[in-house]
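The values are calculated or read from the model by the stated rules, or taken from the named source; none is laboratory data. Since this is a predicted model, take the numbers as computed values, not measurements. Here the Cβ positions follow ideal geometry from the backbone for every residue, glycine too, while neighbour counts run over all protein chains shown. The accessibility values were calculated without ligands, DNA or RNA, using every heavy atom of the protein model including side chains. Shrake-Rupley method; radii C 1.70, N 1.55, O 1.52, S 1.80 Å.
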Amino acid sequence: MKYRELLKSKNRIVVKIGSSSLTHAETGMLNHVKLDRLVRELANLRNMGKDVILVSSGAIAVGRKTMGIKRRPETMAEKQACAAIGQGRLMMIYEKIFAEYNQITAQILMTKNTISDNLNRMNAHNTITKLLEMGVIPIVNENDTVSTYEVEFGDNDTLSAIVAALVEADLLILLSDIDGLFTDDPNTNKEAKFIDLVEELDEKLLEMGKESTGSSVGTGGMATKLTAARIATAAGADMVIANGEDVSVLHRIVEGMEENTGTLFLANKKEDFFLIDYVERL
């Protein structure tokens with residue numbers, strides 16, 4: 001069965017992009033060329049009639065560069081301060097570029113409490129759903145300014161899967177600095193083999209998730225991506241992990257024509273799926 005062909009029929013798509021895919025590796029500054037290409041891809045998906053949600057990292061990275069901080073923030077207060085500075089600046093950039101493609105955006109900031117509390121969860125669902133009905137592209141990030149250890153998701157891989165489950169998305173695409181899932185860490189093992197398709201996520205595959213990331217600005221390694229896959233597929237969404245170095249990979253994924261364009265995890269909807277159960281395990 002040509003599972004990739006089925007991606008053409010996906011109508012509600014969540015796209016997550018990490019800090020390392022948004023910034024220049026040499027300087028940590030925003031890569032405006034890549035941002036423009038990303039927005040163009042998302043605007044084109046919207047013009048195709050698809051619902052689009054962007055989960056974007058980058059607030060802390062933008063904030064620390066704005067303040068001339070070269071290292072990653074170490075304390076919670078410093079992290080939150082950088083997020084407070086960077087989130088507004090990041091949204092301003094997104095809004096400006098999206099406006100050039102005649103698209104309207106909206107900012108959604110979430111913490112674990114957004115999902116754990118029944119009323120908050122319902123409000124978040126209703127708000128995002130209404131925005132999509134209005135043709136708006138929501139831009140979601142963790143509310144780092146107020147998050148503490150107890151109420152933070154910790155990474156946007158997990159957050160994007162939770163958003164996909166919250167709004168009944170049928171496709172989640174994680175854009176990162178890796179090509180997909182391998183049998184081992186390809187950074188340290190040259191014999192590691194690429195996995196094109198995962199029909200069912202089992203414990204053996206989950207064990208492949210090692211805490212490794214080649215970036216000084218990102219927070220998610222493969223373990224967080226497999227956690228995201230576990231949530232998204234159980235909620236009924238297909239998921240793709242792909243390299244965000246070239247963001248045009250988005251339309252290649254959605255057109256469903258190419259194999260080996262990222263790793264495709266097939267949806268395996270659990271009849272007893274309850275989002276809070278998954279959030280409480282984080």
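Would you pick out the residues in the stretch 242-266 that are touching an Asp or Glu at 6+ places or on another chain (Cβ under 8 Å), at pLDDT 90 or above and open to solvent by less than 40 Å² (accessible area, probe 1.4 Å)? Hits for the stretch 242-266 are 242, 244, 247, 248, 250, 262, 263, 264, 265, 266. Within the stretch 52-75, the set of residues being under 23 Å from residue 162 (Cα atoms) and part of a helix (DSSP H, G or I) comprises 59, 60, 61. Does residue 38 fit the bill of being under 16 Å from the mean Cα position of the chain (by Cα), surrounded by 21 or more Cβ atoms within 10 Å (Cβ to Cβ), modelled with pLDDT of 90 or more and assigned to a helix (DSSP H, G or I)? It is true that residue 38 is under 16 Å from the mean Cα position of the chain (by Cα), surrounded by 21 or more Cβ atoms within 10 Å (Cβ to Cβ), modelled with pLDDT of 90 or more and assigned to a helix (DSSP H, G or I).
Sort out which residues of the stretch 219-249 are out of contact with any strand residue (DSSP E or B) (no Cβ under 9 Å at 6 or more places or on another chain), small (Gly, Ala, Ser) and part of a loop (DSSP other than H, G, I, E, B), and write them in order of number. Across the stretch 219-249, the qualifying residues are 221, 236, 248.
If you filter the stretch 64-87 down to residues that are within 28 Å of residue 136 (Cα to Cα) and touching a strand residue (DSSP E or B) at 6+ places or on another chain (Cβ under 9 Å), you find that the one that is most open to solvent (accessible area, probe 1.4 Å) is 87.
Somewhere in the stretch 135-155, is a residue modelled with pLDDT of 85 or more, open to solvent by less than 20 Å² (accessible area, probe 1.4 Å) and part of a helix (DSSP H, G or I)? So far as the stretch 135-155 goes, no, none of its residues is modelled with pLDDT of 85 or more, open to solvent by less than 20 Å² (accessible area, probe 1.4 Å) and part of a helix (DSSP H, G or I).
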